[in-house]
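Just below is one structure, and these are the notes that go with it.
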Amino acid sequence: MIAVLVAVGESWPPGLDPIAESAIVRLATNAEELAAILPEADVLVVYDFGTTLVRDFWHLAGRVRWIHTASAGVDAVLFAETAAADVVVTNSRGVFDDAIAEYVLALVLLFAKDLHTTLALQRAHTWRHRESEMVAGSRMLVVGAGSIGRAIARLAGRAGMCVEGIARIERTDDPDFGHVRPPSELHARLAQADVVVIAAPLTDDTRGMIGAGELAAMGAGARLINVGRGAIVDQAALVDTLRSGRLGGAALDVFDDEPLPPGHPLWDLPNVVVSPHMSGDYAGWLDALGELFVENLRRWQHGNQLLNVVDKQVPTPAERVS
């Protein structure tokens, strides 16, 4: 028997019933519970991607040998102490890829086909003929070439878009992007893109990566879509840029503070789509997360290779800007 600690909010994650006979599963919903049971844990499962509890109480995790996060990003569980520890870190890469790619394409089409105006005119019972844009032939830049960024690139390519990527390692013959360019070319490629998609998780390298200078480098009328992490984009600079009218719009699924405060100006700016960090949350996603963890737990118990192991020593680990 092993002890498994699941750190979540207020609800028990589904899909863990199959491990009931081979593991002791305990739930921590707050700091006090975590502090009490963390010393007993061999495996730490983190369902709250925004939690700071792992970092706050890691000094109590003397028995933990494996951390699994129910998210693609690992910023909640990978920090200096866990990177140096004899502990394996895995993530849920692959669970969200296609859903997020579909969500991004939907947002691209919403802007190109001016669907928000159509719906507003319908509510006003107003018949106003307009022309819309073609998506095919437009240019998309995806910042982040992990599995999510690749899924976005593949789907956008099927829609006829010309897609490039920005990642740590340049690749000139990439099967999904064609050309993956290094961060040193970010400004130049921003100027060429009709749509810029942020699909990178939060790291020291990506925090504040899109600031006032990068927003100024984007072409007039271009759109920004962020499905990575809120802190990658300077929100104050984005608000200023949107107010200036230079950009054609922004669609944001992630924010510095979540939930986005009711009085935040992003709620009311024109041509801005605010969604509550839901781009990857399709019907059945929680079950898929449970199935992935159960499979990995079986592998761990039998000494087999785990799925989705994160390289802790790479400056931008797997599923980062890779």
Filtered residues of the stretch 160-187 (kept if exposed (fewer than 15 other Cβ atoms within 10 Å of the Cβ) and of a type in the set (A, V, I, L, M)): I169
Single residue of the stretch 1-17 satisfying the filter (surrounded by 15 or more Cβ atoms within 10 Å (Cβ to Cβ) and outside any strand (DSSP E or B)) that is modelled with the lowest pLDDT: V8
Top-ranked residue of the stretch 188-204 - restricted to ones that are closer than 26 Å to A112 by Cα and touching an Asp or Glu at 6+ places or on another chain (Cβ under 7 Å), ranked as surrounded by the most Cβ atoms within 10 Å (Cβ to Cβ): L190
Test: residue in the stretch 129-139 that is within 19 Å of R223 (Cα to Cα) and crowded, with 24+ Cβ neighbours inside 10 Å: no
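Conditions tested, residue by residue: (1) free of Cβ contacts under 8 Å to residues at least 12 places away in the same chain; (2) within 30 Å of A28 (Cβ to Cβ); (3) not assigned by TED's automatic domain parsing to the domain that holds N226.
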{"site": "F57", "(1), (2), (3)": "no, yes, yes"}
{"site": "V88", "(1), (2), (3)": "no, yes, yes"}
{"site": "H116", "(1), (2), (3)": "no, no, no"}
{"site": "T126", "(1), (2), (3)": "yes, no, no"}
{"site": "E131", "(1), (2), (3)": "yes, no, no"}
{"site": "S138", "(1), (2), (3)": "no, no, no"}
{"site": "M161", "(1), (2), (3)": "no, no, no"}
Selected residue [among the acidic types (D, E), at pLDDT below 95 and assigned by TED's automatic domain parsing to the domain that holds A145] from D174, D205, D234: D205
Selection status of A220, over 26 Å from A99 (Cα atoms), touching a Lys or Arg at 6+ places or on another chain (Cβ under 6 Å) and either part of a helix (DSSP H, G or I) or assigned by TED's automatic domain parsing to the domain that holds V143 (or both): yes
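Conditions (1) aromatic (F, W, Y); (2) outside any helix (DSSP H, G or I); (3) touching a residue at least 40 places away in the same chain (Cβ under 8 Å); (4) out of contact with any strand residue (DSSP E or B) (no Cβ under 7 Å at 6 or more places or on another chain), marked per residue:
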position	(1), (2), (3), (4)
V25	no, yes, no, no
E33	no, no, no, yes
D48	no, yes, yes, no
R63	no, yes, yes, yes
Residue match in the stretch 214-231 (condition: closer than 17 Å to V135 by Cα, touching a residue at least 60 places away in the same chain (Cβ under 8 Å), of a type in the set (D, E, K, R) and surrounded by 15 or more Cβ atoms within 10 Å (Cβ to Cβ)): yes
In the stretch 16-54, the residues that are of a type in the set (D, E, K, R) and under 20 Å from the mean Cα position of the chain (by Cα): D48
Criterion violated by G248 - all others in (1) in contact with a helix residue (DSSP H, G or I) (Cβ under 9 Å, 6 or more places away or on another chain); (2) buried (at least 21 other Cβ atoms within 10 Å of the Cβ); (3) not acidic (D, E) satisfied: (2)
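Answer yes or no as to whether D86 is at pLDDT 95 or above and surrounded by fewer than 21 Cβ atoms within 10 Å (Cβ to Cβ).
Details: at pLDDT 95 or above: yes; surrounded by fewer than 21 Cβ atoms within 10 Å (Cβ to Cβ): yes.
Against the criterion (at pLDDT 95 or above and surrounded by fewer than 21 Cβ atoms within 10 Å (Cβ to Cβ)), D86 qualifies.
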Qualifying position, being surrounded by fewer than 23 Cβ atoms within 10 Å (Cβ to Cβ), in contact with a helix residue (DSSP H, G or I) (Cβ under 8 Å, 6 or more places away or on another chain) and farther than 19 Å from V142 by Cβ, among L109, L115, L44: L115
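The values are calculated or read from the model by the stated rules, or taken from the named source; none is laboratory data. Model, not experiment: these values are computed from the prediction. Glycine gets a Cβ as well: all are built from the backbone with ideal geometry, and neighbour counts include every protein chain shown.
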